[in-house]
């Protein structure tokens with residue numbers, strides 16, 4: 001794959017993650033009844049729903065900024081691993097489809113932006129990958 005194609009793929013994945021997590025984070029931060037019920041069913045306190053929503057919303061914005069996209073993707077990986085774990089440990093294996101897809105997209109974004117091969121925080125004068 002040439003450099004231009006990688007750059008385009010990176011931006012497509014970033015925008016998809018941004019859109020998905022703007023919606024998911026907003027649903028949690030506005031305490032939509034479905035979100036409240038889901039977090040209650042998992043036994044999580046209400047404040048955890050708000051924290052998760054805040055992380056999702058902030059990450060949705062940061063993932064489209066090249067300098068911070070890898071950090072955002074890392075945060076989203078953690079959130080999606082937690083979501084998958086919660087569904088699996090509460091007998092909701094059929095509900096892991098969307099979290100698995102979002103986890104894969106976040107891992108792809110993390111890798112396309114440099115993965116673990118480059119420093120997480122840019123050094124002075126360094127340019128951000130793609």
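Quick note: the coordinates plus some simple rules give every number you see, no bench work behind them. Note that the structure is predicted; figures quoted are calculated from it, not measured. Note that each Cβ is placed from the backbone with ideal geometry, even for glycine, and that neighbours are counted across all protein chains shown.
Only one of the numbered conditions (1) touching a helix residue (DSSP H, G or I) at 6+ places or on another chain (Cβ under 8 Å); (2) more than 18 Å from residue 87 (Cβ to Cβ) is violated by residue 12, and that is (1).
Please determine whether any residue of the range 88-101 is in contact (Cβ under 8 Å) with a residue 24 or more places away in the chain, closer than 19 Å to residue 49 by Cα and surrounded by fewer than 19 Cβ atoms within 10 Å (Cβ to Cβ). Yes, the range 88-101 contains at least one residue that is in contact (Cβ under 8 Å) with a residue 24 or more places away in the chain, closer than 19 Å to residue 49 by Cα and surrounded by fewer than 19 Cβ atoms within 10 Å (Cβ to Cβ).
Which one of these is within 30 Å of residue 116 (Cα to Cα) and part of a helix (DSSP H, G or I): 83, 27? Can you show your working first?
Numbers: 27 fails: within 30 Å of residue 116 (Cα to Cα).
83 is the lone residue from the list that is within 30 Å of residue 116 (Cα to Cα) and part of a helix (DSSP H, G or I).
Within the range 57-68, residues that are within 11 Å of residue 17 (Cα to Cα) have Cβ atoms under 8 Å from residues that are in a loop (DSSP other than H, G, I, E, B) in these pairs: 62/68, counting only partners at least 6 apart in sequence or on another chain. The lone criterion from (1) free of Cβ contacts under 8 Å to residues at least 60 places away in the same chain; (2) closer than 14 Å to residue 102 by Cβ; (3) in contact with a helix residue (DSSP H, G or I) (Cβ under 6 Å, 6 or more places away or on another chain) left unmet by residue 19 is number (3).
Each residue in the range 41-70 was checked for being out of contact with any helix residue (DSSP H, G or I) (no Cβ under 8 Å at 6 or more places or on another chain) and assigned to a helix (DSSP H, G or I), and 3 of them qualify. So for the range 78-85 (the condition being surrounded by 19 or more Cβ atoms within 10 Å (Cβ to Cβ) and closer than 16 Å to residue 18 by Cβ), does at least one residue qualify? Checked against the condition, which is being surrounded by 19 or more Cβ atoms within 10 Å (Cβ to Cβ) and closer than 16 Å to residue 18 by Cβ, the range 78-85 yields at least one hit.
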